[in-house]
Structure formats: C-alpha cells, structure tokens
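The values are calculated or read from the model by the stated rules, or taken from the named source; none is laboratory data. Every value quoted in this text rests on a predicted model; they were computed, and no experiment measured them. Here Cβ is always computed from backbone atoms with ideal geometry, including for glycine, and neighbour counts include all displayed protein chains. Remember, those area values only see protein heavy atoms, side chains included, never the ligands or the DNA or RNA. Shrake-Rupley method; radii C 1.70, N 1.55, O 1.52, S 1.80 Å.
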Amino acid sequence: RSQFEDNGMGPDVGDVIARVSEIFRNNLRRIGPLIVIVIVAALAISGFYSVGPGEVGVVRTFGKADPNQKGPGLHFRFPLVQQIDIVNTEKVRHIQVGYRDKEIHKEEAQMLTGDENIVDAQILIQYRVVNPSDYLFRLKDPDETLHVTTEVALRSVVGTMTIDDVITEGRSKLQD
C-alpha cells in the first residue's frame, strides 16, 4: 500500500501488476510483430561492414576462418554467426630491437661477440602482412614473436663474429 496518500489506503501492488500484465497480454498481438520487425531490422543493419583501401577482411563463421577474404568495399555478414577481422596489408609495420624510438634498451642492445667483447647492436625490421589469416590465427602475438626471433637471430650472428667484424667489414653480413 502507498504511504503517501492521505487515508493510507493506496492501490494494492498486486492489483497494479495484474492490470499491467493484462494490458500487455492484450496488446502483445499488436506490438509483438512490431518488436520482431525492429529486432530483425537492427540485426540486418548491424551486419553491414566496410573494408577500406589496402585492407583485407577475414570472415569467421562460428569461429572458423573462411578462406575467401573480402577486399575493399561494403560487405554483409550474418550477425551473431559471423565475425569480421580487418587487417591492413599495405601498412609497413616495424619492429625495433635494442631501442624504442631513440631510447636504447640495454638488456636487448648489449651482446657478446665471439671474441668475448660487448657491443651495442640495434636493428629495425620492416614488414608487411602478406597472409592475413596466418597473421591473425597462426600465432598468439605475431609482432612479439617476430621481435624475440629477431633478437635471437641477431645475438646468434653477433656471437659468431669478432668485434672487428661487427664494426667493419662484417657489418653487412650482420645486417643481412
């Protein structure tokens, strides 16, 4: 009962709920199809996506990647069934080993040569994604994997060279 009325005898909450549910049941036949149309329209509209120039869309149906990739343009996917992952294949990506934007990371940069000298070596790797499916699904973190692999390869080559080779004529071999 409502405590805000003068006589203290407000409407019964059970009666109000019964009336509202009866009105809802009576109008459901009219409102029901409208609700269904609105839900279907919202799902249809949310299914459209666009792939920009230089990008590739990888469609996953129930989590499995579709081998047919989508090029630039407007496309449709079935919401709740398909997901889209967009990868820029024209962008030149880079990995920095030994430094990050002009700041040297000593633990990465310092390496031991074959004649037991310490050198600071930094390298910049530039690459493009050729196969978006492999980039997305073959490795958990492909950029970090490339970073670690590059560091290991650089350390292994520096470890077989002398300090003179690293600094002078062997530098081009090291870069390759």
- Query: For the range 95-109, how many residues are at pLDDT 85 or above and in a helix (DSSP H, G or I)?
  - Reply: 0
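Hey, any hits in the range 84-94 for a residue that's among the charged types (D, E, K, R), in a strand (DSSP E or B) and open to solvent by 50 Å² or more (accessible area, probe 1.4 Å)? First the steps, then the outcome.
Of all residues in the range 84-94, those among the charged types (D, E, K, R) come to 85, 90-91, 93.
If we keep only those that are in a strand (DSSP E or B) as well, we get 85, 93.
Within this subset, residues satisfying the condition of being open to solvent by 50 Å² or more (accessible area, probe 1.4 Å) are none.
No: the range 84-94 contains no residue that is among the charged types (D, E, K, R), in a strand (DSSP E or B) and open to solvent by 50 Å² or more (accessible area, probe 1.4 Å).
Looking at the structure I just gave you, is E144 of a type in the set (D, E) and farther than 27 Å from P53 by Cα? It would help to see each step written out before you state the result.
Numbers: of a type in the set (D, E): yes; farther than 27 Å from P53 by Cα: no.
Judged against the criteria, E144 is not a match.
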- Message: Just checking: which of the helices (runs of 4 or more DSSP H) contained wholly in the range 110-169 hold 1 or more residues that are touching a strand residue (DSSP E or B) at 6+ places or on another chain (Cβ under 7 Å), open to solvent by 40 Å² or more (accessible area, probe 1.4 Å) and not hydroxyl-bearing (S, T, Y)?
- Response: 132-137, 142-160
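Being touching a residue at least 24 places away in the same chain (Cβ under 8 Å) and of a type outside the set (G, A, S) is the filter; apply it to the range 54-68 and report the residue that is most open to solvent (accessible area, probe 1.4 Å). Spell out the reasoning first.
Of all residues in the range 54-68, those touching a residue at least 24 places away in the same chain (Cβ under 8 Å) come to 54-60, 65, 67.
Adding the requirement that they be of a type outside the set (G, A, S) leaves 55-56, 58-60, 67.
Working: E55: 55, V56: 27, V58: 0, V59: 7, R60: 54, P67: 111 Å².
Here the answer is P67.
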- Query: So is L80 modelled with pLDDT of 85 or more, loosely packed, with under 13 Cβ neighbours inside 10 Å and assigned to a strand (DSSP E or B) or not?
  - Reply: no
- Message: Looking only at the range 113-144, how many residues end up being closer than 29 Å to V58 by Cα and acidic (D, E)?
- Response: 4
- Taking only pairs six or more apart or across chains, which ones have beta-carbon atoms under 8 Å, a first residue in the range 69-91 that is free of Cβ contacts under 8 Å to residues at least 24 places away in the same chain and over 16 Å from S133 (Cα atoms), and a second residue that is among the charged types (D, E, K, R) and surrounded by 14 or more Cβ atoms within 10 Å (Cβ to Cβ)? P72/E55
